[in-house]
Amino acid sequence: MPLIIPDLVEALEQIAPGCVRTGVDMATVSAWRIGGPADIFVEPEGVEQVADVLRLMSQRPEPLLIIGETTNLFFDSRGFNGVLLRIGSKLSHVSIDGNRVRAQAGARVPELVRSLADAGLGGIAHAGGVPGTIGGLVLMNGGSQRKGIGTHVISVLVADSTGQLQRLDAAALGFSYRHSLLQGSDVVILDAELELEPGEPDTLVAEIEEIIASRAAKFPLDLPNGGSVFLSDPAMYEIVGPPGHAIESVGLKGLTEGGAQISPKHANFIVNNGRATDDDVLRLVATARNKVRAATGFTMDCEVRHVGTDGVLRPAHVVADERWPALDLTKG
Ligand SMILES: Cc1cc2nc3c(=O)[nH]c(=O)nc-3n(C[C@H](O)[C@H](O)[C@H](O)COP(=O)(O)OP(=O)(O)OC[C@H]3O[C@@H](n4cnc5c(N)ncnc54)[C@H](O)[C@@H]3O)c2cc1C
């Protein structure tokens with residue numbers, strides 16, 4: 001049931017003129033190209049606008065969800081009844097002072113890493129092929145090669161749910177592997193201050209290009225996808241191997257459900273062949289999880305998260321379990 005409330009749209013328009021859209025189809029806008037209409041989509045172009053939106057929404061009953069580039073989540077195909085607050089390209093200014101960099105949260109990571117390398121600043125090449133915004137990356141302490149961006153973060157500017165701004169030092173962010181204390185809090189990351197290592201631009205760029213080429217050879221980047229679907233569990237890794245290997249070993253590589261497919265190139269990726277729904281993805285998740293558990297005794301949890309119609313973000317396996325507790329698409 002769409003909620004579009006004219007007075008809310010009007011109030012948001014007053015805060016961020018020209019930045020508010022209604023009925024935005026997340027199947028055309030999100031990275032995985034999955035979802036339905038989002039009632040209200042607002043993409044502010046300044047820190048004050050974000051703070052004002054938060055202040056307004058703290059007084060309103062409608063759900064609010066912060067998004068960056070949506071590379072780590074997918075939306076319910078029935079839609080989203082609330083307000084999506086996107087921290088994206090309109091908040092992506094980057095300034096450099098020596099080896100210190102201040103990047104607004106909406107800056108895209110691949111472009112940021114590359115432009116900093118061009119400017120002779122390195123240490124974060126591992127993130128050069130990770131899609132998404134720097135805000136999303138900091139929240140997840142993301143990266144590759146078992147490294148995380150947190151090592152280079154000095155501070156972040158955040159706004160709390162009432163729009164209060166605060167700069168937090170790295171020590172307060174509690175970075176650990178693919179985790180920060182910002183996860184699960186309701187703050188919005190507005191910028192990140194990084195300290196990088198000086199280097200020779202050509203060498204830094206070559207390092208990034210090598211990492212990107214090796215990812216392109218392994219991952220199905222030619223179709224919309226959500227990155228690694230399942231988390232790697234060290235105990236399972238020791239005995240069975242990574243999730244992609246486990247899924248392949250139970251014969252599921254290439255399995256198709258509706259518009260979604262377990263990638264024939266890398267079994268821990270689910271690609272959207274054109275018209276995938278959230279149910280298609282969730283049914284593949286349920287099947288992979290149940291078959292791997294039956295064959296190995298290990299239960300794989302998801303890294304990717306599902307956005308419900310009410311804006312609640314949950315790991316995809318939780319939603320899959322709820323919808324089809326024992327599904328195995330290869331049976332009967
Ligand atoms: C092909 C592919 C490969 C990937 N490879 C990697 C990899 O190698 N390593 C890795 O770590 N990740 C990887 N990912 C996952 C993803 O790219 C990262 O998690 C990314 O950092 C998410 O950023 P985003 O802007 O897309 O965030 P979104 O997906 O939009 O949001 C993710 C979470 O962050 C929150 N969020 C986003 N922006 C903000 C903000 N400004 N303030 C507060 N909260 C915010 C959202 O509410 C949500 O909870 C990959 C994804 C894809 C599709």
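The values are calculated or read from the model by the stated rules, or taken from the named source; none is laboratory data. On a predicted model such as this, the values are computed, not experimentally measured, just so you know. FYI the Cβ positions are ideal-geometry reconstructions off the backbone, even for glycines, and counts take in every protein chain you see.
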Total residues in segment 223-279, condition more than 14 Å from the ligand (Cβ to nearest atom), among the β-branched types (V, I, T) and under 21 Å from T71 (Cβ atoms): 3
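Results for (1) within 30 Å of D118 (Cα to Cα); (2) in the same structural domain as Q145 (by TED's automatic domain parsing); (3) among the aromatic types (F, W, Y), shown as yes or no for each residue.
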| position | (1), (2), (3) |
| --- | --- |
| A172 | no, yes, no |
| I189 | yes, yes, no |
| S214 | yes, yes, no |
| V229 | no, no, no |
| G251 | no, no, no |
| A267 | no, no, no |
| R275 | no, no, no |
Residue match in segment 54-73 (condition: closer than 30 Å to V229 by Cβ, more than 15 Å from the ligand (Cβ to nearest atom) and buried (at least 22 other Cβ atoms within 10 Å of the Cβ)): no
Any hit, segment 1-17, residues being part of a helix (DSSP H, G or I) and within 16 Å of the ligand (Cβ to nearest atom): no
Hits in segment 138-156 (condition: surrounded by 15 or more Cβ atoms within 10 Å (Cβ to Cβ), closer than 19 Å to N99 by Cβ and aliphatic (A, V, I, L, M)): V138, I149, V153, V156
Set G82, G35: member being surrounded by 19 or more Cβ atoms within 10 Å (Cβ to Cβ), part of a loop (DSSP other than H, G, I, E, B) and not assigned by TED's automatic domain parsing to the domain that holds N272: G35
Residues within segment 279-327 that are crowded, with 17+ Cβ neighbours inside 10 Å, among the charged types (D, E, K, R) and more than 30 Å from G23 (Cβ to Cβ), tallied: 3
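Residues checked against (1) more than 8 Å from the ligand (Cβ to nearest atom); (2) modelled with pLDDT under 95; (3) outside any helix (DSSP H, G or I); (4) touching a Phe, Trp or Tyr at 6+ places or on another chain (Cβ under 7 Å):
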| site | (1), (2), (3), (4) |
| --- | --- |
| G136 | no, no, no, no |
| G142 | no, no, yes, no |
| Q145 | yes, yes, yes, no |
| L157 | yes, no, yes, no |
| G163 | yes, no, yes, no |
| R167 | yes, no, yes, no |
Boolean, S115 is surrounded by fewer than 23 Cβ atoms within 10 Å (Cβ to Cβ) and either charged (D, E, K, R) or more than 23 Å from V158 (Cα to Cα) (or both): yes
Residues (touching a strand residue (DSSP E or B) at 6+ places or on another chain (Cβ under 8 Å) and closer than 19 Å to V94 by Cβ) located in segment 34-58: E43, P44, V47, V50
Subset of segment 184-215 that is in a loop (DSSP other than H, G, I, E, B), surrounded by 13 or more Cβ atoms within 10 Å (Cβ to Cβ) and in contact (Cβ under 8 Å) with a residue 60 or more places away in the chain - its residue that is nearest to the chain's Cα centre (by Cα): L196
